[in-house]
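Report on the structure given below.
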């Protein structure tokens with residue numbers, strides 16, 4: 001029985017990993033990037049298991065290397081530690097990796113260093129890694145995960161294969177949740193809120209704040225549709241004191257506005273569109289009053305508010321400006 005982790009979606013990425021293994025062309029450095037909860041770390045570990053597996057049909061899930069990886073005890077799959085306020089990787093940690101990379105693997109033919117969540121990796125740390133990334137020992141593979149590949153210097157990116165990890169379909173996400181013991185009703189609600197992002201759906205099920213945020217997104221979408229200015233301002237006001245929460249909220253709002261535009265201009269003869277927002281009904285209602293220019297204005301307004309907050313503009317001011325542009 002194969003005990004390898006189930007990977008939902010990302011069929012092309014799985015084929016790529018299999019082909020690299022079968023043709024003995026494993027990269028010496030690889031980046032898996034995608035939005036939080038999309039499964040980039042799961043896919044990175046799947047890649048590591050495939051690389052270290054000793055059987056023909058890798059990953060087998062049964063050989064010594066696979067079993068140790070599944071039990072988080074393989075000495076040649078190494079997870080460098082995060083450190084500092086931004087939970088990046090210190091230069092000291094990177095130097096230790098560079099030194100350790102010179103020694104042979106303990107049990108396997110390869111030694112793999114998996115740097116997870118590299119969105120805050122510093123420039124000095126990357127510069128320290130450059131030589132190892134460009135010319136690692138033959139027994140070393142470096143694997144990185146991040147939400148955005150822009151977290152890395154171009155000189156680092158040029159030295160690694162970059163693999164985009166995408167959320168799976170809503171149906172696959174619901175199947176994954178059911179397989180984890182989530183009730184059909186809760187799985188359905190989570191998928192409606194989070195689309196095909198399995199990690200985010202699991203988090204949503206445990207997080208009352210995220211669930212409330214979803215309800216507020218629906219309320220805002222309906223308020224834009226009915227042109228209730230006071231309600232729009234009241235909803236946005238609730239996010240003025242928490243920048244991170246406001247950014248998450250606006251991401252969901254942007255997806256709702258995107259869905260409304262897709263529903264507005266879908267071809268009746270085409271297959272049902274793939275929606276990413278948290279509520280089809282409110283997106284459908286908004287679509288009934290949208291023009292192309294208005295749809296662009298709404299998306300631009302949300303984007304500008306996010307950019308303003310990323311540039312350390314007051315969250316209160318950014319949301320106040322947004323409230324005026326949503327009408």
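With an 8 Å Cα cut-off and a minimum separation of 6 or more residues, compute the relative contact order for the chain in percent.
Numbers: 483 pairs, mean separation 54.2, N = 327.
Answer for the chain is 17 percent.
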Seminar exercise, completed: For residue 12 and residue 267, extending 7 Å from Cα along the Cα-Cβ vector and measuring point to point gives, in nm, a value of 2.1 nm
For this session: Counting other beta carbons within 10 Å of each Cβ, put 288, 254, 90 in order, fewest first.
Result: 288, 90, 254
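Could you sort the peptides 240-246, 121-127 by per-residue average Cβ neighbour count (10 Å cutoff), highest mean leading? Please report the intermediate quantities before stating the final value.
Numbers: 240-246: 15.1, 121-127: 16.9.
Highest to lowest by the protection proxy: 121-127, 240-246.
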For this session: Mind giving me the FRET efficiency for residue 148 and residue 72? R0 is 35 Å, r the Cβ-Cβ distance, nearest 0.05 is fine.
Result: 0.85
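Taking the beta-carbon count within 10 Å as an exposure proxy, list 117, 154 from fewest neighbours to most. Don't jump to the answer; show the numbers that get you there.
Values: 117 18, 154 8.
Neighbour counts put them in this order, fewest first: 154, 117.
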Seminar exercise, completed: Projected convex hull area of region 207-325, Cα atoms, direction-averaged, in nm², equals 7.2 nm²
Exercise. Which FRET efficiency, nearest 0.05, do residue 161 and residue 230 yield, Cβ-Cβ r, R0 51 Å?
Worked result: 0.50
Problem set entry | Cα long-axis angle, helix 40-52 against the chain (0 to 90 degrees, to the nearest 10) | 20 degrees
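Using the count of nearby Cβ atoms within 10 Å as a rough guide to exposure, how do 63, 53 rank from fewest to most? Write out the running numbers ahead of the final one.
Details: 63 16, 53 22.
Result, fewest neighbours first: 63, 53.
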For this session: May I ask for log10 I(q)/I(0) of the chain at q = 0.11 Å⁻¹, from a Debye sum over the Cα atoms as equal point scatterers with solvent left out?
Result: -0.82
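Which of the three applies to region 1-53, rounded, prolate or oblate, going by the alpha-carbon gyration tensor with a ≥ b ≥ c and a/c under 1.5 meaning rounded? Show your work: numbers first, answer last.
On the way: a/c = 1.71, a/b = 1.22, b/c = 1.41.
Verdict is oblate for region 1-53.
Between residue 186 and residue 96, what length in nm is gained on full extension when 0.36 nm per residue of separation is reduced by their alpha carbon distance? List each step's numbers first, then the result.
Numbers: separation 90, 0.36 × 90 = 32.40 nm, distance 4.50 nm.
That works out to 27.9 nm of additional length.
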Exercise. If we sort 79-88, 227-236, 194-203 on the protection proxy, mean other Cβ atoms within 10 Å, highest first, what's the order?
Worked result: 194-203, 227-236, 79-88
Exercise. What's the angle, to the nearest 10 degrees (0 to 90), between helix 11-22's Cα axis and the longest principal axis of the chain?
Worked result: 10 degrees
For this session: Using only Cα atoms, tell me the angle between helix 208-226 and the longest principal axis of the chain; keep it within 0 to 90° and round to the nearest 10.
Result: 40 degrees
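Show that you can apply the helix-only estimate: for the chain, add -39,500 (n - 2.57) for every DSSP H stretch of four or more residues, divide by all residues, and state [θ] at 222 nm to the nearest 500. List each step's numbers first, then the result.
Working: 15 runs with 177 residues, N = 327.
Here the helix-only value at 222 nm equals -16500 deg cm²/dmol.
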Exercise. Once label points are set 7 Å from the Cα along Cα→Cβ at both residue 57 and residue 280, what is their separation, rounded to one decimal in nm?
Worked result: 3.7 nm
Seminar exercise, completed: Using alpha-carbon positions, the gyration tensor of region 31-177 gives root eigenvalues a ≥ b ≥ c; with a/c under 1.5 called rounded, otherwise prolate if a/b exceeds b/c, else oblate, the class is oblate
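Every number in this text was worked out from the coordinates using simple rules, so none of it is lab data. Just so you know, these numbers come straight off a predicted model, no measurement behind them. For neighbour counting, all protein chains shown are included, and Cβ atoms are generated from backbone atoms with ideal geometry for every residue, glycine included.
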